[in-house]
Amino acid sequence: MIFNFNNNNYQPPVPLLFNFGVNHVVIEPADPPPNTIAPLLFSYKQTQRVDADFDIEYLQPTEQENQLFQTNWQEVKPTIVYLATDFLHIEQTNSTAVKMQWSHKADDATNLTTIYIEAEALVNGYVSLFNHSKIIAADLRTNYELPPKFETTFKTRYQHLVSDSIHYKARFNHVEQFTNHTTVVWGPVPYFHICHFEYITPEPNQIKFNFWDNSQPSLTFNFDGQQNKKVCVTGGSFFVPNTSAPTIDKPIITTVYRRRVHTVIHSLKCYRDSDNTQVHITSFNMNTSRDQWGFSFAMQCASKGEAQKLAHINGEPVDVRIELNGHIIRGIAENISRTKVFGSNKYSVSGRSIAARLAEPFEIPIAYSNSSAMNATQIIDDVLTGTGWTYTFDLTDWLIPAGALNLQSASTMDVIATIAKAAGGIVIADTDFKDIQLIPRNKAPFWTLGQATEDHQINDSVILNISDNPANTPLYNAVFVRGEQQGVSTKIKRSGTQGDKLAADVVDPLITHIDAARQRGTSELAESGKGANIKLTTTIMNGLPLINPGALIAIDESAEQYKLVCDSTSVSAQVNQRGLLTVRQSITGYRSYEQ
């Protein structure tokens, strides 16, 4: 019998089970968690772009050179011209006749000569006798400069526009509108990771199974692929995985810039979540830590009537919604109490996060055991089916054999917390959405702290006070981690060390794979050696949100910069007698001095 695996598109389940027996059962990959958000059916108009080709003819002006005109003009050039004039001057004689002759040369082209004779003058019958002059011809020559005219050619050239007809083919998108009836699923659904180990295709004819013992009723082959590369895609929301869109799980670092003055406008509101009825409160306190999967809260109402708005309905506690400086915190109002002091009564409401509905007393504990071999994520899928909750699994998944998880009395949250603890993780419930995160207890051990990316950055301009207390333990470098009947036993040591300083042994029935043992051992060694518990007080503002336990925080003081892992968070919002609201967030974290 030869098995050829040559389909790269198929993602096999982890593990891959071959059952040779009755009906040839094939185990398919587990379905992702059910979608719990509400569908909305409506009709809308959608625009669609359609490609069209059009031929366009237009006139395009082009530049041409052309000779405009040719001008002849006269340029003056001085030259010497001689003008000769002949005239007669008069000599006086006794004659009564006068004779005068003169000539004038006007220009080079014309000679003008005038000759006239003055006759005898008769005055009143009298003859006047007078002496007239005798004309004697004389020559007078005068030379001067006369500018002659000659012709010169002058040419001018310029550019003018000539319209040419051009055919141009254009392709463009135009919009057509059509009406479509579509069912759009909506609602705030956090994304989560769908992870599997990369399937490596074997070479052809390399896997051969030879069966010669007919006494075996069935065989099971477990191909866990735990040593292969882990591949994750996003799910839980309506984003299509493996697209060219930017990944939505890109780490976002919240930062508050250093300033001399920060202006914060605080706000505190409380509502009954079912019908959005506002409840007037004068104080709100909440706290959570790495050892809690959810937060607990307590608030003081303004009056008895306001507290009655949160009374149980048919014995069922109501959900409340707290809006604090833009952050939404949803919880269950489990208890209403009255405190009487001389002259006044105080009414308080306390409860837990909405994740408490996955635990007692909202769920009846039952016995739970995995009847077949399942991954840790498959067990979580199983217990969350039908609850409307999603989860994010930021640990390395591993195989849990059948019957290894055996709890006599457990709720849904107990099962999830047991799985997280086995791999050195913690459970953090979201303050707003129905989402659970399984993350490492210490995401950055001290030997990787320098390269780790922080979740939040806080500088001393927003730190009201800070203190530290030593938290020194032996510097362990190895620990023995083992399971029970179906588990593994291994020694986990820090890389680069001899592994000679052993911490206390760890025994957990769910340590059934080396990946679970490695994660648990890392968690046990992460906070050994010299360290300190840092406690600081700040507020909640833009760039400084509510910080969850397990988050990595970078602290920037004036003298030094360091990183710490958040261990617990508490929030206090108080309204004083003058109506002024004060909001404080206290953070306790672990700082390691080891390198």
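Under a 5 Å amide H to amide H cut-off, with H placed in plane at 1.01 Å, what residues pair with Asp556 once short-range neighbours are removed?
When sequence neighbours closer than 5 places are left aside, the close amide H contacts are Ile458, Asn459, Asp460.
Can you flag which of Lys269/Lys340; Lys493/Lys530; Lys491/Lys563; Lys530/Lys563; Lys346/Lys535; Lys443/Lys530 are past 23 Å Cα-Cα? Walk me through the numbers on the way to the answer.
Details: Lys269/Lys340 25 Å; Lys493/Lys530 18 Å; Lys491/Lys563 29 Å; Lys530/Lys563 14 Å; Lys346/Lys535 31 Å; Lys443/Lys530 18 Å.
Violating the 23 Å limit, Cα to Cα: Lys269/Lys340; Lys491/Lys563; Lys346/Lys535.
Tell me, Kirkwood radius of region 338-492 from alpha-carbon pair distances, in Å?
Values: mean 1/r = 0.0516 Å⁻¹.
Over region 338-492, the inverse of the mean reciprocal pair distance is 19.4 Å.
Going by the alpha-carbon gyration tensor, a ≥ b ≥ c the square roots of its eigenvalues, is region 426-515 rounded (a/c under 1.5) or, if a/c is not under 1.5, prolate (a/b greater than b/c) versus oblate?
On the way: a/c = 2.49, a/b = 1.41, b/c = 1.76.
Because a/c hits 1.5 or more and a/b fails to exceed b/c, region 426-515 counts as oblate.
Go through region 482-496 residue by residue and turn each phi into a ³J(HN,Hα) via Karplus (6.51, -1.76, 1.60, θ = phi - 60°); whole Hz please, and just put x for glycine and proline.
Once rounded to whole Hz, the list reads 8, x, 10, 4, 10, x, 10, 10, 8, 9, 9, 10, 6, 4, x.
Report the net charge of residues surrounding Asn345, where surrounding means a beta-carbon distance below 14 angstrom and charges are Lys +1, Arg +1, Asp -1, Glu -1.
+3
Compute the distance from the alpha-carbon center of region 355-391 to that of region 411-487, in whole Å.
A separation of 22 Å, based on Cα centres.
From the backbone phi of region 548-560, what are the Karplus-calculated ³J(HN,Hα) couplings (6.51 cos²θ - 1.76 cosθ + 1.60, θ = phi - 60°) in whole Hz, Gly and Pro given as x?
8, x, x, 6, 9, 10, 9, 9, 10, 9, 4, 8, 7
For a quick check: with amide H placed at 1.01 Å from N, whose amide H comes under 5 Å from His280's, ignoring anything fewer than 5 positions away on the same chain?
Hits under the 5 Å cutoff: Ala302.
Could you go through region 381-393 in sequence order and give the Karplus-derived ³J(HN,Hα) for each residue, using 6.51 cos²θ - 1.76 cosθ + 1.60 with θ = phi - 60°, rounded to whole Hz, and x for Gly and Pro?
Per residue, the Karplus-derived 3J(HN,Hα) values read 4, 5, 6, 8, 4, x, 8, x, 9, 10, 8, 10, 10 Hz.
When all protein chains stay in place, what accessible area (Å², nearest 10, 1.4 Å probe) is found for Arg272?
50
Residues in region 523-558 near a label at His327, defined as backbone nitrogen under 19 Å from the 7 Å Cα→Cβ point?
Counting only backbone N, you get 534-556.
Counting only residues 5 or more places away or on other chains, whose amide H sits under 5 Å from the amide H of Ser489 once H atoms are built in the peptide plane?
Amide H to amide H, under 5 Å and 5 or more residues apart or across chains, Ser489 pairs with Gly483.
Around Arg482, with a cut-off of 12 angstrom between Cβ atoms, what is the net charge of the other residues, counting Lys and Arg +1 and Asp and Glu -1? Spell out each step's value before the answer.
Values: positive: Lys491, Arg520; negative: Glu484, Asp505, Asp508.
So the surrounding residues net to -1.
When the dipole is taken about the Cα centre of region 408-566, and only Lys, Arg (+1) and Asp, Glu (-1) are charged at their Cβ, what size is it in debye, to the nearest 20? Write down the numbers at each step before the final one.
Details: 14 positive and 18 negative charges, 121 e Å.
Charge dipole of region 408-566: 580 debye, to the nearest 20.
If you take every residue apart from Val320 with its C-beta less than 9 Å away from the C-beta of Val320, what net charge results, scoring Lys and Arg +1 and Asp and Glu -1?
Neighbourhood net charge equals +1.
The values are calculated or read from the model by the stated rules, or taken from the named source; none is laboratory data. Predicted model only: the values in this text are computed from it and were never measured. We place every Cβ from the backbone using ideal geometry, glycine too, and count neighbours over all the protein chains shown. Each accessible area value is taken on the protein alone, full model and side chains, heavy atoms only, with ligands, DNA and RNA left out. Shrake-Rupley method; radii C 1.70, N 1.55, O 1.52, S 1.80 Å.
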